[in-house]
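S.K.: Pasting a structure here, questions to come.
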Amino acid sequence: MLKQGILNPALNHLLSRIRHTNTLVIADRGFPFWPMIETVDLSLVDNVPTVLQVLQAVREAAIFGQAYMAREFLKKNNSETQSAFSLALEGIPTTHEPHEEVFKKRILGAIGLVRTGDTTQYSNIVLVSA
């Protein structure tokens, strides 16, 4: 029986299959369902868990070399929220790009999507494994 690390078996299984340059999406509660992408739904209630909590957990289990977020995140969230995400992504180059035109197109190539209960607008992250 696992005592630490990722305890959720579905998330653990998904992370164990990530290879070099594979992408993983960590999404807020409002992110659309993508039936062709394996989804691990961790949402429980509003903001449980958050994108940042899931990000912290997966960063301990895997190495990521690039992150992508929607440019709209910067417009819709205050500096405190932006700073929290910057800190959580420290050491991972992060690109903010237009949500509809570019960001959402990255989703189709993802190995999996983790849905959270986060209510932070545009808090979705595409992580590229190193």
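The values are calculated or read from the model by the stated rules, or taken from the named source; none is laboratory data. For clarity, every value in this text was computed on a predicted model and none was experimentally measured. Using ideal geometry, Cβ is built from the backbone for each residue, glycine included, and neighbour counts are taken over all protein chains shown.
S.K.: Which one is farthest from the chain's Cα centre (by Cα), of the residues in segment 35-50 that are buried (at least 16 other Cβ atoms within 10 Å of the Cβ) and not small (Gly, Ala, Ser)?
M.R.: Of all residues in segment 35-50, those buried (at least 16 other Cβ atoms within 10 Å of the Cβ) come to 39-40, 42-43, 47, 49-50.
Now narrow it down to the ones that are not small (Gly, Ala, Ser): 39-40, 42, 47, 49-50.
Values: THR39: 12, VAL40: 11, LEU42: 12, ASN47: 14, PRO49: 12, THR50: 10 Å.
Once the filter is applied, the top-ranked residue is ASN47.
S.K.: How many of the residues in segment 27-51 are in a helix (DSSP H, G or I) and either among the polar types (S, T, N, Q) or at pLDDT below 95 (or both)? Walk me through it before giving the result.
M.R.: Taking segment 27-51 and keeping what is in a helix (DSSP H, G or I), we get 51.
Then keep just the ones that are either among the polar types (S, T, N, Q) or at pLDDT below 95 (or both); that gives none.
Residues that pass the stated criteria total 0.
S.K.: Only residues that are part of a helix (DSSP H, G or I) and surrounded by 13 or more Cβ atoms within 10 Å (Cβ to Cβ): list them for segment 61-75, please. Give the derivation first.
M.R.: The first filter runs over segment 61-75 and keeps only residues part of a helix (DSSP H, G or I), leaving 61, 72-75.
Once the filter is applied, which keeps residues that are part of a helix (DSSP H, G or I) and surrounded by 13 or more Cβ atoms within 10 Å (Cβ to Cβ), segment 61-75 yields ALA61, GLU72, PHE73, LEU74.
S.K.: Looking at (1) out of contact with any Gly (no Cβ under 8 Å at 6 or more places or on another chain); (2) of a type in the set (Val, Ile, Thr); (3) not in a strand (DSSP E or B), which is the one condition that is false for VAL126?
M.R.: (3)
S.K.: While we're on this one: Does segment 52-60 include one or more residues that are touching a Leu at 6+ places or on another chain (Cβ under 7 Å), under 18 Å from LEU14 (Cβ atoms) and assigned to a helix (DSSP H, G or I)?
M.R.: Going through segment 52-60, the residues touching a Leu at 6+ places or on another chain (Cβ under 7 Å) turn out to be 54, 58.
Subset that is under 18 Å from LEU14 (Cβ atoms): 54, 58.
If we keep only those that are assigned to a helix (DSSP H, G or I) as well, we get 54, 58.
Yes; the residues of segment 52-60 include at least one that is touching a Leu at 6+ places or on another chain (Cβ under 7 Å), under 18 Å from LEU14 (Cβ atoms) and assigned to a helix (DSSP H, G or I).
S.K.: With the requirement that a residue be modelled with pLDDT under 95 and among the aliphatic types (A, V, I, L, M), what does segment 75-129 give you?
M.R.: Matches in segment 75-129: LEU108 only.
S.K.: For ALA10, indicate whether it is modelled with pLDDT of 95 or more and of a type in the set (Gly, Ala, Ser). Don't jump to the end; show me each part of the working.
M.R.: Details: modelled with pLDDT of 95 or more: yes; of a type in the set (Gly, Ala, Ser): yes.
The answer is yes for ALA10.
S.K.: Kindly indicate the residue of segment 1-34 that is touching a residue at least 60 places away in the same chain (Cβ under 8 Å), loosely packed, with under 14 Cβ neighbours inside 10 Å and of a type in the set (Lys, Arg) and also farthest from ALA70 (Cα to Cα) among those meeting that condition.
M.R.: Selected residue: ARG17.
S.K.: Next up: Out of segment 85-101, which residues are under 14 Å from the mean Cα position of the chain (by Cα) and not in a strand (DSSP E or B)?
M.R.: PHE85, SER86, ALA88, LEU89, ILE92
S.K.: Within segment 75-101, how many residues turn out to be of a type in the set (Val, Ile, Thr) and farther than 18 Å from VAL128 by Cα? First the steps, then the outcome.
M.R.: Going through segment 75-101, the residues of a type in the set (Val, Ile, Thr) turn out to be 81, 92, 94-95.
Among the residues that remain, those that are also farther than 18 Å from VAL128 by Cα are: 81.
Selection size over segment 75-101: 1.
S.K.: Right, next: Please go through segment 51-104 and give me each residue that is β-branched (Val, Ile, Thr), without any contact (Cβ under 8 Å) to a residue 60 or more places away in the chain and closer than 14 Å to THR120 by Cα, ordered by number.
M.R.: Matches in segment 51-104: THR81 only.
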